[in-house]
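Participant: Please read through the structure below; I'll follow up with questions.
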Amino acid sequence: MGRADAQIAGIVFVVVAVAAVCGLTAMFRRRLEGGRRLRAFVVAFALLFAISAAQEVGPASELAKGCGWLIAGVSLVLTSLGRAALAFIGGNGFALVPELPGAEPTLAWATANPVPLALHALFQLLSLAALALTAESVLSLFTSVSSWLSLRVDRFEQVVVVVSSPDMADCARAFATDAARGEERPRAVLSVVREPDGGATYRLSSGDATQTLERDAFRRRLADAVRARSGNHVTDGHLPLVALRNGRVTVTSFADVPLTPRQTSKLVDALMAGCPPEDDSLAPADVYSYSLEEIKVRQLMRRLLPNVDIPGDKGLGLGLMPLCAMVIGDDVERVVLLVAYLTRNGQAIRTARADGSVVAARPRIAIASSQAARVERRLRGAYPGLFSDGGPIEGTPGVTLTTPAQVTVYESKFEMLDDAQISPDDLVLVINAQADTGRAPSQREVWQRRLERRVPGIRPIYVQYDEGEDARDVFEDSYGGRTTTDDADAKRVLMYGNTSESMRAVRVLHKDLDRAAMLVNLRYCLSEGEPKPSLFDPASSEHFVPEAAAQWAGCNAYGRDSSRATADFVAVERLLWQTGIGEVPGAGKGVSEKDDEALCEVIGQLEHLRWIAYMVTTGFEPRRWDELPGAYERALRENAELDSPREARRVFKDVTLDLRTREHAALVDWEWLPALDALYERMARETGTYEELLLNPETLKPNQQKDRDIIDNLIV
C-alpha cells in the first residue's frame, strides 16, 4: 500500500469514526434516560475493562517472571482500569490494528494473531461507543443547565403544564407550540405527551425553542418552574394544567400561593400525572373542561352568527333568517353537537307585527347518516324536549311547549335533500360533518343541482369539516375546483374543524373562548348603578376582564354554560334592537312609545325562544305545575329543620328549577308565562313567604319581563 493510499484510508477511517460517534450519540439521546444512562456506562466500562485485561495478560506474564504475580496482577488491573476510563474521552486513540513500525510488520502481526486482532477491534468499537456516551452526557448536561437558567433568568408570561393521552398527542403538540409563543412575552410550557407505544416525551418549550428532556431532568425543571412562578419574572403566577384526554380538554388552574417544599413535591407529582393533587391545601382555584369537537362547533357558530365585536355585522345570517340546515355525517358526537348548537342559535323571527306579536321561525334540521338509528337514539336520550309533540305538558293542563326545532333523521342523503322544507328567504346550510376524502366537491355539485331544481336561484352555504385546512371561506366551480371569484355559478364553502386552530392557547386559556361569557356573567353579578362592561366594545371592557375572571371562577357549571349560550346569541338580539324587524322599527326610530314597547316585546319573545332552545338542548324538560305547590311546602318544612335555614327565595328557586332532575317550571310557550306568574304568587301567599320573596325583586318578577330585561341587562 502506497503512502497516498494509506492517507486516504486514514481519512476514510476518521470520517467513519466521527459518523459512528455522532450516530451513537443521537441514538443514546433518544434511548437513554436516568437509570438507563448509568447502566450503559457501567456495562461499557465493564466490557472495556475485561477486554483490556485480556489484552494485558501477555505483558503481565512477562512482568510476573521478574516481579512476581502480585505486582503483575496489580499492574494489569490498574492498566486495564486506566485504559477503560480513557476510552470515555478518546484517550486511547483509534486504530484498526495495533500501530507497529511499518505497514508490513503490522499486516504480518494481524495475519498471525487473529484473536488479539479481534479483541483490539472490539475494544476500538466499544471505545467509540464510550466516547458517544460521554458526548451524550455532556449534551444532556448543557441542555439541563440551559433550561435551568432559562427558568431562573428569563421572563415569562406564564408557566403552563400540558399532559396528553396518545390519541391527542398531535393536539398537545399543537397547543404547546402555540402557547409557548405567548402574547406579550413567551410562556414556559412543560409538556408530557404520552406516545402510542406506551412511552412519553418530555419537552420544555418557550418562544420558538423546544428542548426534549429525560424524565428526571423534566421533573427538576418542573419543580423549578413551580417555585419560580412566584418571582417577578413571571407575569401571571397562576399555573394552568392542560390535560388532553379522550377528545376533551380540561384546564385546572392553581393559584399563585406560597408552597412548602413538601407541597411543591406533591404538586409536581400531580402535574406529572396530569391530575389535581389529593391534598386539600393544594386544591385548584378553577377547573373547566371542553370537548374538542365542541370548541370546533362553537368556532363555526361564531362565523355564522353576527360578530359581537363588529357593530352592524350580520355574520352569515344565523339567528336573523329562518334556518334550514342539512347535516351529513357518521360521527355521532359531531352530528349531535351540530344539532344542539344549530337549535340554540338558529331561533329567528320570521316577521313581527306592530303590536309586538311575532311569527317565530323554528330551525328545520335534517340529518343524513349511515348511523341514523344511533344518532336519533342519542338525540332522543339526551334532548327529549326536541321530540315532544307540542301538546299539553303532563301535569299542566292546557299548557304547551312548542319544540324549539324540527329535527328529522334519514339514512339517505338524497332522500333528505328531496324532503327538505326550503323557502326562498331561508338561510340554507348544507354541512358535511365528515372529512373530505376527495369526493366532497363533486357531491356538492350534485346536491347544488338537486336543490336548484326545487328552489331556482338558491344559494346555499356549504360547510365542510376538515382537521387540516385552515378555517376560511373558499369558492368552488361547477367542476369541483377552487376559484377565487364569487360568481353566480360558484359555491361558497366554509371550512371548519382545524385542530391546530381549535387548540390555540388564546382560546383554551380563557382569553378568547369564554371572554364574552365571563362579561355576561359579570354584568349579572354587579349591582345596579355600578359601572358595567360593554359586550360590544372590547377595548373599553378590557379592564373588567380580571374581575370577570374572578367571578367566573366561582360560577357553577349551569351558570357558565348558560352565560356562553347567552353571549353567543346576544349579538343577534342587539342587531334586531337597532334595526327592528317587520312592522316594528328599531330603537329610537319609532314615532311613539308603543313602537318601543312593541320592540321590547319582540326582543323578549326572541330571548324566550333562545332560552327554551338552550334548556332543551342541555336536557331540561318542563316541570309539572300540579306538583309545584306541594313541593314548595315540603321544601320549606325541610328547610325550617336545618341548623342554618336558607332564605325562602333560594328554596323557591330550587323548587322551580331542579338541576338534579333537569326540570324547569318556566319551560313553556310565551303566552303561558302569565299563568305561571299567578301560580307563583299563589304558592307564596299560601305558604306565608310572599312578603319575604318580595324583598328580592327578581324572585316574583313576571317571567315575560325577565325575558324583556335582556335589553337592559346586556344590550344597552
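Participant: Scan segment 570-592 for residues that are surrounded by fewer than 21 Cβ atoms within 10 Å (Cβ to Cβ) and basic (Lys, Arg) and jot them down.
Facilitator: Listed by number, the list holds a single entry, 589.
Participant: Restricted to segment 426-440, and to residues that are on the phi < 0 side of the Ramachandran plot and modelled with pLDDT under 90, which residue is surrounded by the most Cβ atoms within 10 Å (Cβ to Cβ)?
Facilitator: 440
Participant: Specify which of the listed residues (270, 373) is small (Gly, Ala, Ser), crowded, with 18+ Cβ neighbours inside 10 Å and over 24 Å from residue 519 (Cβ atoms).
Facilitator: When all the criteria are applied, what remains is 270.
Participant: Separate question: Considering each residue of segment 436-485, count those that are free of Cβ contacts under 8 Å to residues at least 40 places away in the same chain, among the hydrophobic types (A, V, I, L, M, F, W, C) and closer than 19 Å to residue 498 by Cβ, and give that number.
Facilitator: Adding up the residues that qualify gives 3.
Participant: Looking at segment 651-666, can you tell me whether even one residue there is surrounded by fewer than 16 Cβ atoms within 10 Å (Cβ to Cβ), over 34 Å from the mean Cα position of the chain (by Cα) and without any contact (Cβ under 8 Å) to a residue 12 or more places away in the chain?
Facilitator: no
For (1) farther than 24 Å from residue 603 by Cα; (2) crowded, with 17+ Cβ neighbours inside 10 Å; (3) under 26 Å from the mean Cα position of the chain (by Cα); (4) hydrophobic (A, V, I, L, M, F, W, C), each residue gets a yes or a no:
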position	(1), (2), (3), (4)
293	yes, yes, yes, no
310	no, no, yes, yes
336	yes, yes, yes, yes
344	no, yes, yes, no
359	no, no, no, yes
369	yes, yes, no, no
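Participant: Can you tell me which condition residue 595 does not meet? The list is (1) out of contact with any helix residue (DSSP H, G or I) (no Cβ under 9 Å at 6 or more places or on another chain); (2) buried (at least 19 other Cβ atoms within 10 Å of the Cβ); (3) under 27 Å from residue 297 (Cβ atoms), and all the others hold.
Facilitator: Here residue 595 meets the rest and fails (3).
Participant: Can you tell me which residue among 522, 513, 509 is among the aliphatic types (A, V, I, L, M) and without any contact (Cβ under 8 Å) to a residue 60 or more places away in the chain?
Facilitator: Going through 522, 513, 509 in turn, the sole match is 522.
Participant: Go through segment 383-405 residue by residue and tally those that are under 15 Å from residue 340 (Cβ atoms) and either crowded, with 16+ Cβ neighbours inside 10 Å or more than 35 Å from the chain's Cα centre (by Cα) (or both).
Facilitator: The total comes to 6.
Participant: Going through segment 571-595 one residue at a time, which ones are touching an Asp or Glu at 6+ places or on another chain (Cβ under 9 Å) and of a type in the set (A, V, I, L, M, F, W, C)?
Facilitator: 571, 575, 584, 587
Participant: Go through segment 588-609 residue by residue and tally those that are part of a helix (DSSP H, G or I) and touching a Leu at 6+ places or on another chain (Cβ under 9 Å).
Facilitator: Within segment 588-609, residues that are part of a helix (DSSP H, G or I) and touching a Leu at 6+ places or on another chain (Cβ under 9 Å) number 5.
Condition check ((1) in a helix (DSSP H, G or I); (2) over 19 Å from residue 706 (Cα atoms)) across all residues:
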| site | (1), (2) |
| --- | --- |
| 630 | yes, yes |
| 633 | yes, yes |
| 636 | yes, yes |
| 643 | no, yes |
| 672 | yes, no |
| 675 | yes, no |
| 678 | yes, no |
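Participant: Of a type in the set (A, V, I, L, M) and more than 19 Å from residue 309 (Cβ to Cβ): which single residue out of 548, 565, 587 fits that description?
Facilitator: Selected residue: 587, the only one of 548, 565, 587 that is of a type in the set (A, V, I, L, M) and more than 19 Å from residue 309 (Cβ to Cβ).
Participant: For segment 406-425, enumerate the residues that are in contact with a helix residue (DSSP H, G or I) (Cβ under 6 Å, 6 or more places away or on another chain) and either buried (at least 22 other Cβ atoms within 10 Å of the Cβ) or of a type in the set (A, V, I, L, M) (or both).
Facilitator: Within segment 406-425, 407, 409, 417 qualify.
Participant: Considering only segment 383-398, state which residues are under 22 Å from residue 328 (Cα atoms) and touching a helix residue (DSSP H, G or I) at 6+ places or on another chain (Cβ under 7 Å).
Facilitator: 383, 386, 387
Participant: Out of segment 691-712, which residues are within 19 Å of residue 664 (Cα to Cα) and either at pLDDT below 90 or part of a loop (DSSP other than H, G, I, E, B) (or both)?
Facilitator: Within segment 691-712, 698, 699, 700, 701, 702 qualify.
Participant: Hey, another quick one. In segment 206-216, is there at least one residue being crowded, with 16+ Cβ neighbours inside 10 Å, within 24 Å of the chain's Cα centre (by Cα) and assigned to a helix (DSSP H, G or I)?
Facilitator: For segment 206-216, residues crowded, with 16+ Cβ neighbours inside 10 Å, within 24 Å of the chain's Cα centre (by Cα) and assigned to a helix (DSSP H, G or I): absent.
Participant: Can I ask one more? With respect to residue 264, is the statement that it is touching a residue at least 24 places away in the same chain (Cβ under 8 Å), surrounded by fewer than 21 Cβ atoms within 10 Å (Cβ to Cβ) and assigned to a helix (DSSP H, G or I) true?
Facilitator: Yes.
Participant: Could you please find all residues in segment 508-547 being among the aromatic types (Phe, Trp, Tyr) and assigned to a loop (DSSP other than H, G, I, E, B)?
Facilitator: Scanning segment 508-547 gives a single hit, 536.
Participant: Does residue 155 count as of a type outside the set (A, V, I, L, M, F, W, C) and at pLDDT 70 or above?
Facilitator: No, not satisfied.
The values are calculated or read from the model by the stated rules, or taken from the named source; none is laboratory data. Just so it is clear, the model here is predicted, and its values are computed rather than measured. Cβ coordinates were reconstructed from backbone atoms using ideal geometry, including for glycine residues, and neighbour counts include every protein chain displayed.
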